[in-house]
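Novice: One structure, pasted below without further comment.
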Amino acid sequence: VFYTKYKIFIYADYVLLVSRAFGQLQYLLSHLELDLKVLDMYINFKNCICTRIGRHFSIAFSSLRLTLSDGRTMPWSQELRYLGIFIRAGQHFRCDYSNCKQKFCRSVNSMFAKLGRYASEEVMISLVTTKGFPGLLYALEACPVLPSDLQSFDFCVYRFVMKLFHTSSRPIADEIISRFGICLPSVAIPARTARFLKSMEQSNH
């Protein structure tokens, strides 16, 4: 819910401009550019992108373009990346988690390729949970995660367990996960979200 006409999110050298109206967004961009020039800084046009979230997100924007002072226009996209999180255009605010799942699978496959023949199952599970899980669960406590997303994250873990123990049985995989104390994303993410919201409530900022 927007209590103002616009919002500005700034972290390091990343700036995210959010507005309910296109004209207001152009106004923000123009003033941001002026403020940066005072500091002898400029907008990196290569990393600039626009997207839309709302009922009319699919409407073409052929005549609406955010323009910099030098006349360059920013492209519209179905997805944007901010601080490692991929935000999708759509009727509601949603994130795309395919990238973090792909990274997790690549890291797991890399570990199998280098250590699969030599490391024990205990070592592989320890490596994956300490090195692979942080990337898989990155920032999810602050993102909208649907039940279908939780199932998809769990599936990544099940695939790893089944590959490690050479089984295709879901009950066997459940038993392995229980015995080794592997915390599934469907359990870890709600717990992390609860801790995150509690810390936000207690924050003085």
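Novice: Which residues, taken from the stretch 89-113, are in a helix (DSSP H, G or I) and either touching a helix residue (DSSP H, G or I) at 6+ places or on another chain (Cβ under 8 Å) or acidic (Asp, Glu) (or both)? Walk me through it before giving the result.
Specialist: Just the residues of the stretch 89-113 that are in a helix (DSSP H, G or I), to begin with: 98-113.
Scanning the stretch 89-113 gives CYS100, LYS101, LYS103, PHE104, CYS105, SER107, VAL108, MET111, PHE112.
Novice: Please work out which residue is farthest from the chain's Cα centre (by Cα), limiting yourself to the stretch 42-58 and to residues that are in a loop (DSSP other than H, G, I, E, B) and of a type in the set (D, E, K, R).
Specialist: Once the filter is applied, the top-ranked residue is ARG55.
Novice: Here is a follow-up. Applying the selection to the stretch 66-79, what residues are outside any loop (DSSP other than H, G, I, E, B) and under 18 Å from GLN24 (Cβ atoms)?
Specialist: Going through the stretch 66-79, the residues outside any loop (DSSP other than H, G, I, E, B) turn out to be 67, 73, 76, 79.
Within the stretch 66-79, THR67, THR73, TRP76 qualify.
Yes/no matrix, rows are residues, columns are (1) open to solvent by 60 Å² or more (accessible area, probe 1.4 Å); (2) modelled with pLDDT of 95 or more:
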position	(1), (2)
ALA113	yes, no
LYS131	yes, no
TYR138	yes, no
PRO144	no, no
PHE153	no, yes
TYR158	no, yes
ILE176	no, yes
MET200	yes, no
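Novice: Pairs needed: first member in the stretch 155-178, under 22 Å from SER110 (Cβ atoms); second member anywhere, among the hydroxyl-bearing types (Ser, Thr, Tyr) and assigned to a helix (DSSP H, G or I); C-beta distance under 7 Å; at least 6 residues apart or different chains.
Specialist: Sorted first by the residue in the stretch 155-178, then by its partner, the pairs are ALA173/TYR158.
Novice: Out of ILE59, ILE53, I need the residue that is within 19 Å of VAL145 (Cα to Cα) and open to solvent by 50 Å² or more (accessible area, probe 1.4 Å). Which one? Can you show your working first?
Specialist: Numbers: ILE59 fails: within 19 Å of VAL145 (Cα to Cα).
When all the criteria are applied, what remains is ILE53.
Novice: Does ARG81 fit the bill of being open to solvent by 90 Å² or more (accessible area, probe 1.4 Å), in contact with a strand residue (DSSP E or B) (Cβ under 8 Å, 6 or more places away or on another chain) and closer than 29 Å to THR130 by Cα?
Specialist: Taking the combined requirement at face value, the residue satisfies it.
Novice: Which one of these is open to solvent by 20 Å² or more (accessible area, probe 1.4 Å) and either without any contact (Cβ under 8 Å) to a residue 24 or more places away in the chain or aromatic (Phe, Trp, Tyr) (or both): TYR118, TYR97?
Specialist: Going through TYR118, TYR97 in turn, the sole match is TYR118.
Novice: Considering every residue within the stretch 33-45, establish whether at least one is open to solvent by 40 Å² or more (accessible area, probe 1.4 Å), in contact with a Lys or Arg (Cβ under 8 Å, 6 or more places away or on another chain) and not polar (S, T, N, Q).
Specialist: Checked the stretch 33-45: at least one residue is open to solvent by 40 Å² or more (accessible area, probe 1.4 Å), in contact with a Lys or Arg (Cβ under 8 Å, 6 or more places away or on another chain) and not polar (S, T, N, Q).
Novice: Moving to a separate point now. Yes or no: the stretch 144-159 includes at least one residue that is of a type in the set (Ser, Thr, Tyr), over 30 Å from PHE57 (Cβ atoms), part of a helix (DSSP H, G or I) and out of contact with any Gly (no Cβ under 9 Å at 6 or more places or on another chain).
Specialist: The answer is yes, given that some residue of the stretch 144-159 is of a type in the set (Ser, Thr, Tyr), over 30 Å from PHE57 (Cβ atoms), part of a helix (DSSP H, G or I) and out of contact with any Gly (no Cβ under 9 Å at 6 or more places or on another chain).
The values are calculated or read from the model by the stated rules, or taken from the named source; none is laboratory data. Remember, predicted model here, so these are calculated numbers, not experimental data. Cβ sites come from the backbone with ideal geometry, for glycine too, and all protein chains shown count toward neighbours. Note: areas computed on protein heavy atoms with side chains; ligands, DNA, RNA excluded. Shrake-Rupley method; radii C 1.70, N 1.55, O 1.52, S 1.80 Å.
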